[in-house]
Amino acid sequence: MTTQSTQLPTTIDAVIARMEQVDAELDPRDGVACFNRMYLKVTKLVKEKVAAGGFEDNPFMERMDVLFAGLYLANVDAAKAGKPVDPAWEPLFRMRGNRVVWPIQFALAGMNAHIDHDLAISVVETCKERGTAPERPPVHRDYEKVNDLLASVEAEVRAEFEGRLVRIATAPAEALKHAVSGFSIRAARDVAWGAANGLWAVRGLPFAYNGQLALMAQGVRTTSHGILVPVVPPPAE
């Protein structure tokens, strides 16, 4: 990547700037934009916590946040260049223009791809860079501290969704609730932590490592298809 618009960021401030750029470039109804808005809120909260010294190893958490965001932004850049995205991200990028899919469906499908696929990779790569390991304190304790930040943003998104949901007929509302109710960010992060430990165990075995990644991507792709089922168009604002 040679141009500024496609360079992956190296600081949290640069991550935020790139996400703001993505937000400015996309139609607000675009599925990727819906996820980007949610992720931007989370990233700003992580930045605040790092700046306040809220983690035991703040440099580790900042670096992991940057690597984590870079995996998402690499897919944004690939799609913009007309190149394939990672299979875990394919449902979101393929469905991004479907106006029957609600913003919360896009946001949660993005979180599904990013957490259940990208997060484990970020944990492993950050541990390798910084000469530590997932089981070595305080990696897991700091990892868990992000859950409360995510929970507050998820609750905000779901509250907005529920407020709009009451404006549609009961049967479609129930079908839509079913599509989004099965995904929990906290539960996804628990799964991602287990996946990170699995990847760490085979980090020196490319065949096994890549095989685990492929299985993860396949599972994430299936889950995102379920989250993104078109049910009924969102009511007008």
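Listed here are the residues, each with its yes/no results for (1) among the aliphatic types (A, V, I, L, M); (2) more than 27 Å from residue 52 (Cβ to Cβ).
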{"position": "106", "(1), (2)": "no, yes"}
{"position": "113", "(1), (2)": "yes, yes"}
{"position": "123", "(1), (2)": "yes, no"}
{"position": "127", "(1), (2)": "no, no"}
{"position": "132", "(1), (2)": "no, no"}
{"position": "143", "(1), (2)": "no, no"}
{"position": "158", "(1), (2)": "no, no"}
{"position": "169", "(1), (2)": "yes, yes"}
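Which number in (1) among the polar types (S, T, N, Q); (2) under 20 Å from residue 230 (Cα atoms); (3) surrounded by 15 or more Cβ atoms within 10 Å (Cβ to Cβ) marks the one condition that residue 132 misses?
Status for residue 132: all satisfied but (2).
Suppose the filter is at pLDDT below 95 and either farther than 19 Å from residue 144 by Cβ or out of contact with any strand residue (DSSP E or B) (no Cβ under 9 Å at 6 or more places or on another chain) (or both); does residue 11 pass it?
No: the conditions fail for residue 11.
Under the condition of being farther than 17 Å from residue 19 by Cα and under 16 Å from the mean Cα position of the chain (by Cα), which residue from segment 71-88 is surrounded by the most Cβ atoms within 10 Å (Cβ to Cβ)?
Out of the qualifying residues, it is 88.
Go through segment 44-65 and give me each residue that's under 29 Å from residue 161 (Cα atoms) and either of a type in the set (Lys, Arg) or buried (at least 20 other Cβ atoms within 10 Å of the Cβ) (or both).
44, 46, 47, 49, 65
Filtering segment 193-213 down to residues that are of a type outside the set (D, E, K, R) and in contact (Cβ under 8 Å) with a residue 24 or more places away in the chain, which residue is farthest from residue 173 (Cα to Cα)? Reasoning before the result, please.
Of all residues in segment 193-213, those of a type outside the set (D, E, K, R) come to 193-202, 204-213.
Now drop any that are not in contact (Cβ under 8 Å) with a residue 24 or more places away in the chain, which leaves 193, 195-200, 213.
Values: 193: 33, 195: 34, 196: 36, 197: 38, 198: 38, 199: 39, 200: 42, 213: 35 Å.
Going through the qualifying residues, I end up with 200.
Would you confirm whether any residue within segment 208-228 is under 23 Å from residue 42 (Cβ atoms) and over 16 Å from the mean Cα position of the chain (by Cα)?
There is at least one residue in segment 208-228 that is under 23 Å from residue 42 (Cβ atoms) and over 16 Å from the mean Cα position of the chain (by Cα).
Give segment 23-58 a look and list any residue that's closer than 18 Å to residue 77 by Cβ and under 15 Å from the mean Cα position of the chain (by Cα), or say none.
Selection gives 31, 32, 33, 35, 36, 39, 40, 43.
Would you pick out the residues in segment 152-174 that are under 23 Å from residue 68 (Cα atoms), surrounded by fewer than 14 Cβ atoms within 10 Å (Cβ to Cβ) and touching a helix residue (DSSP H, G or I) at 6+ places or on another chain (Cβ under 9 Å)? Write out each step before concluding.
In the first step, residues of segment 152-174 are kept if they are under 23 Å from residue 68 (Cα atoms); the result is 152-157.
Checking the rest, the ones that are also surrounded by fewer than 14 Cβ atoms within 10 Å (Cβ to Cβ) come to 152, 155-156.
Once the filter is applied, which keeps residues that are under 23 Å from residue 68 (Cα atoms), surrounded by fewer than 14 Cβ atoms within 10 Å (Cβ to Cβ) and touching a helix residue (DSSP H, G or I) at 6+ places or on another chain (Cβ under 9 Å), segment 152-174 yields 152, 156.
So which residues in segment 175-222 are of a type in the set (Gly, Ala, Ser), under 16 Å from residue 123 (Cβ atoms) and surrounded by 19 or more Cβ atoms within 10 Å (Cβ to Cβ), if there are any at all?
Once the filter is applied, which keeps residues that are of a type in the set (Gly, Ala, Ser), under 16 Å from residue 123 (Cβ atoms) and surrounded by 19 or more Cβ atoms within 10 Å (Cβ to Cβ), segment 175-222 yields 188, 192, 195, 196.
Within segment 166-183, track down each residue that is without any contact (Cβ under 8 Å) to a residue 24 or more places away in the chain and not aliphatic (A, V, I, L, M).
170, 174, 177, 178, 181 - these are the residues of segment 166-183 that are without any contact (Cβ under 8 Å) to a residue 24 or more places away in the chain and not aliphatic (A, V, I, L, M).
The values are calculated or read from the model by the stated rules, or taken from the named source; none is laboratory data. Note that the coordinates shown come from a computational prediction; the quantities given were computed from them, not determined experimentally. Note: ideal-geometry Cβ built from the backbone for every residue, glycine included; neighbour counts use all protein chains shown.
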